[in-house]
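Undergrad: This is the structure, below, for whatever I ask next.
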Amino acid sequence: MIWPFPKINKSIDYQTAKTKSGRRLDGWTNLFTGLGTFKDKLARTFYSFRPQLTYQELRNLYRTDGICAKIIDLLPNDMTREPLKIVNDPDGIIEKRLNELHILPLCNQAIKWGRLFGGAVLLLDIEDGQPLDQPVNLDRIIRINEATAIDAQWIYPNDYGRFRKPEFYELSRDKYAKIHRSRLLIFEGATTTEEDRCENRGWSSSIMERNYEPLRAYGSNLRNVSHLIQDIAQTVYKFLGFNEAVASNKEEAEEAIKTKMECIDAGRSNFNAIVLDAEDSYERKSTTVQGMPELVKLSKDHLVATSDTPHTKLFNESPGSSLGESGGSQSRDWYDKIKSAQENVLRPELELFFSYLQAELDLKEPIYFEFRSLWQPTRKEQAEINKLDMETDKGYLEYGVLGVEEVRKELSTRGTYNIDGEEIPTDADFSEEKPAETEEDTTYEIPSRSGERLPQPAFKTV
């Protein structure tokens, strides 16, 4: 039998044996300062487990702490700030049904609860002749009656298992009800592991689990600053015989000291003067606050980093106040994050809803929608963009790369002008002889800037 481990040669020193055994204990060490030794404070630092925030703690935190509420609300509010752009809705029927069912506001609420509690759903009351625990029957949908937002406290996956998506959810508010997954629009919180998801009854974790410690540190620092401001100036009284009066333990001496202090404060407040005995003294000593703003800023920056929210949004700082040129960049990065969240979180659930709405309205083709851009340039920025586009189009025309009609179509595509593909009138069009007009009533139509035809009152030509 061959022993699987090599025999240790006692003649080899410790360092050589440690290297051959594969164990490495590398690190910076300084015996004089204690760095890397048992005297090093960081050597005894390790990550400890913190109990998970309860449902009631999350409720109280969201209700009473403004920064916590902003961390939860900012992303959903911007995700649903602009109405959807329905591509194939010429009659406005789809948009009307969206407004009647309040889908976007309810999605906003469900996303907030999902971020706060780790999960939330939008329960669709679909009239299709099927019970709640059966899949939606697209061929029998008569109407979508309403939608209701429910947080993770009252609904949870009924058959959740590791690496398996649940098919049913259980509603437990008033009475237990089994609901099929197809009747729910589901929104979750922070990404979590399968083990944690099993402990959370099939839901993900709250966003505040990762932001609780930075938020507590920031709130504690602000509270300490407020206490420091109250004690920023301390009054010092020096009375002759004070120690003897205190040692005598007599009420008369204590009352005399209090009366003396009150008289000094009253004179200072009412007459802006201090009257003292020749052997007494009075002074005010201020507490230094140097470096305190920098310490508060450190905790603020930590909170901004963990919440993944820019300063301009979380603390309402204008881009030019303390961020310099990076303020505009932070805003653009934030809108890019919003766009990503819209596509990855909101779009899949809305597509499911629109498939049901398509069946209700008996539409032949699927409903296509787009998210409107949140980044709106100023009028000056838009004018500069239009000028650059005009110079580019002019160059294409001069070099014969594009024709006039192609440039017109591009202008219509950009939304600069609504041209509707009409031909450009030329001088020859105006020089051609027109047929003689009769005295019959003639109605003229004048094209508007938006491309619509505005009918004008009929009048007789003379």
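Undergrad: Residue check, ARG81 against (1) in the same structural domain as ILE207 (by TED's automatic domain parsing); (2) closer than 22 Å to GLU199 by Cβ, all met but one. Which one?
TA: (2)
Undergrad: Then there's this: Within region 170-223, can you find the residues that are polar (S, T, N, Q) and either touching a Pro at 6+ places or on another chain (Cβ under 7 Å) or under 27 Å from LEU303 (Cβ atoms) (or both)? So that I can check it myself, show each step before the final result.
TA: If we filter region 170-223 for residues that are polar (S, T, N, Q), which is where we start, we get 172, 182, 191-193, 200, 204-206, 211, 220-221.
Once the filter is applied, which keeps residues that are polar (S, T, N, Q) and either touching a Pro at 6+ places or on another chain (Cβ under 7 Å) or under 27 Å from LEU303 (Cβ atoms) (or both), region 170-223 yields SER182, THR191, THR192, THR193, ASN200, SER204, SER205, SER206, ASN211, SER220, ASN221.
Undergrad: Sticking with this structure for a sec: Could you tell me whether any residue of region 195-216 is closer than 22 Å to ARG347 by Cα, surrounded by fewer than 20 Cβ atoms within 10 Å (Cβ to Cβ) and either of a type in the set (Phe, Trp, Tyr) or assigned by TED's automatic domain parsing to the domain that holds LEU352 (or both)?
TA: Among the residues of region 195-216, not one is closer than 22 Å to ARG347 by Cα, surrounded by fewer than 20 Cβ atoms within 10 Å (Cβ to Cβ) and either of a type in the set (Phe, Trp, Tyr) or assigned by TED's automatic domain parsing to the domain that holds LEU352 (or both), which makes the answer no.
Undergrad: Tell me which residues, restricted to region 285-304, are touching a residue at least 12 places away in the same chain (Cβ under 8 Å) and either in contact with a Phe, Trp or Tyr (Cβ under 9 Å, 6 or more places away or on another chain) or surrounded by 10 or more Cβ atoms within 10 Å (Cβ to Cβ) (or both). Show your work before the answer.
TA: Residues of region 285-304 touching a residue at least 12 places away in the same chain (Cβ under 8 Å): 285-287, 289, 292, 295-296, 299-300, 302-303.
Residues satisfying the conditions are THR287, VAL289, MET292, LEU295, VAL296, SER299, LYS300, HIS302, LEU303.
Residue by residue, here is whether (1) of a type in the set (Phe, Trp, Tyr); (2) in contact with a strand residue (DSSP E or B) (Cβ under 6 Å, 6 or more places away or on another chain); (3) at pLDDT 85 or above; (4) within 30 Å of ASN344 (Cβ to Cβ) holds:
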site: ASP362; (1), (2), (3), (4): no, no, yes, no
site: GLN376; (1), (2), (3), (4): no, no, no, yes
site: THR392; (1), (2), (3), (4): no, no, yes, no
site: GLY403; (1), (2), (3), (4): no, no, yes, no
site: LEU411; (1), (2), (3), (4): no, no, no, no
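Undergrad: Let me ask something else. Which condition from (1) closer than 28 Å to PRO214 by Cβ; (2) at pLDDT 90 or above is the one that PHE49 breaks?
TA: (2)
Undergrad: Given PRO90, PRO105, which one is more than 13 Å from the chain's Cα centre (by Cα), assigned by TED's automatic domain parsing to the domain that holds TYR218 and under 30 Å from ALA305 (Cα atoms)?
TA: Working: PRO90 fails: under 30 Å from ALA305 (Cα atoms).
None of the other options fit; the residue is PRO105.
Undergrad: Now for a separate question. Is there a residue in region 337-351 that is part of a helix (DSSP H, G or I) and over 18 Å from PRO76 (Cβ atoms)?
TA: Taking region 337-351 first, the residues part of a helix (DSSP H, G or I) are 337-351.
Checking the rest, the ones that are also over 18 Å from PRO76 (Cβ atoms) come to 351.
Yes, region 337-351 has at least one match.
Undergrad: From LEU228, LEU185, LEU215, which residue is farther than 30 Å from LEU101 by Cα, of a type in the set (A, V, I, L, M, F, W, C) and modelled with pLDDT of 85 or more? If you could, list the steps in order and put the result at the bottom.
TA: Details: LEU228 fails: modelled with pLDDT of 85 or more; LEU185 fails: farther than 30 Å from LEU101 by Cα.
It is LEU215.
Undergrad: Does ASP40 fit the bill of being without any contact (Cβ under 8 Å) to a residue 24 or more places away in the chain, in a loop (DSSP other than H, G, I, E, B) and acidic (Asp, Glu)?
TA: Values: without any contact (Cβ under 8 Å) to a residue 24 or more places away in the chain: yes; in a loop (DSSP other than H, G, I, E, B): yes; acidic (Asp, Glu): yes.
So ASP40 passes the test.
The values are calculated or read from the model by the stated rules, or taken from the named source; none is laboratory data. Model, not experiment: these values are computed from the prediction. Note that we place each Cβ from the backbone using ideal geometry, even for glycine, and neighbour counts take in every protein chain shown.
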